[in-house]
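Each value in this text was obtained by applying a stated rule to the coordinates, not by laboratory testing. Worth saying up front: this structure is predicted, and the values here are computed from it rather than measured. Don't worry about glycine lacking a Cβ; one is built from the backbone with ideal geometry, like all the others, and counts go over all protein chains shown.
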Ligand code: 5GP
Ligand code: MN
């Protein structure tokens, strides 16, 4: 609680603030950032949200979206703002590598750094750390921080919508094991703020382009591979596939869940060829830790049941590598399968 007292003291007078989050922000990353942005603005600060890269258009409805600065597209301005900032909030990531080139910039910045996150195994680069791996979303921590700072009265519908989006998506619409009593209590408070939960669900999930849906069909019909003996399924997508379906940022989000939904599958992967490297996205059922798996084999990390990583091999060799490392986990995967089925 000492941390909260000192942070409140720092935020007592108007400050130049930068809020940043991980590359290719999802609804929790952007929702947390824009909730924080709106709150700090109301408190009389001068906050700017800088994302390392762009993000899916289905997040564009959030209050403050028009003022978000994308680092890749505004390197000069972003650099200036980070250097001049008095406080930098780092949300929904805990390793500087996750903000690409901005990592060095933030590391060397003179600002007071505040890390708010729920991922496993953080790097300790910040002055204040609000880190809770049990939190269902970073947005939960943002809500609790605002309350903890004694600023409940600053919460409003717009802030509530951003927080709701983060919690809804990171809990898989309230079905992941992280969905605890606290989550539902917070959602009840957000309903008190007149957040239209049905509208937010539609804005995020019923906002597909035709090409995204056709791409999903293609991926499931032609690219999904099920390795029954290994309790695994994967989908490998090339750059050419992405081009063919005019794939936009966010169009591959959620794909991995279809592979995981197959009966008998305990680990699922989506492996995507990107211009600079191959990106992997993992999901698991039960106690099988894809965080450890991604950390050990693919320079990544995340959560127990949702993690990501990358590979510098080409797409084909990355798939080969994935299939080579899997057999060592066969027994563990089988045990989790048995547990799921209670066999
Ligand atoms: P997704 O598969 O949705 O991209 O990511 C799943 C989870 O793993 C998210 O919480 C995300 O922040 C984390 N994650 C994704 N890629 C990486 C990575 O390369 N490194 C680390 N440490 N975490 C990642
Ligand atoms: Mn998150």
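Starting from the Cα of residue 149, move 7 Å in the Cα-to-Cβ direction to define the label point; list residues of region 1-32 whose amide nitrogen is under 14 Å from there. 3-20, 32, by backbone N distance to the label point. Taking other Cβ atoms within 10 Å as a rough exposure proxy, 179, 20 sort from fewest to most as 179, 20.
As a rough footprinting exposure proxy, the listed residues 162, 90 were ranked by other beta carbons within 10 Å of their own, and the order from fewest upward is 90, 162.
In the elastic network of the chain, a GNM with C-alpha springs shorter than 10 Å, the most mobile of 33, 277, 198 is 198. For the chain, set up a GNM with springs between Cα atoms under 10 Å and report which of 263, 117, 132 has the largest fluctuation. Among 263, 117, 132, the largest GNM mean-square fluctuation belongs to 263. For the chain, the longest principal axis of the Cα atoms and the long axis of helix 157-170 meet at an angle of about 30 degrees. Within the listed set 259, 188, 35, the residue fluctuating most in the Gaussian network model of the chain (springs between alpha-carbon atoms under 10 angstrom) is 188.
Relative to the longest principal axis of the Cα atoms of the chain, the long axis of helix 330-341 makes an angle of roughly 80 degrees. For region 267-343, the spread of Cα positions along the three principal axes, ordered from largest to smallest, is 43, 22, 17 Å.
Once region 210-341 is represented by equal point scatterers at the alpha-carbon sites, with solvent omitted, what log10 I(q)/I(0) does the Debye formula produce at q = 0.10, 0.11, 0.17, 0.20 Å⁻¹? Calculated log10 I(q)/I(0) at the listed q: -0.29, -0.35, -0.84, -1.15. In region 210-341, the DSSP beta bridges split such that about 75 percent are antiparallel, to the nearest 5. Once the Cβ-Cβ distance of residue 218 and residue 263 is raised to the sixth power relative to R0 = 25 Å, the FRET efficiency obtained is 0.65. Taking Cα atoms only, the orientation of helix 315-325 departs from the longest principal axis of the chain by about 80 degrees. Look at the alpha carbon pairs under 8 Å that are at least 6 residues apart: their mean separation over the length of region 210-341 gives a relative contact order of 21 percent. By the Stokes-Einstein formula, at 0.890 mPa s and 25 °C, the chain with its Kirkwood radius over alpha-carbon pairs has D equal to 118 µm²/s. The shape of region 1-122 comes out rounded: with a ≥ b ≥ c from the C-alpha gyration tensor, a/c is under 1.5.
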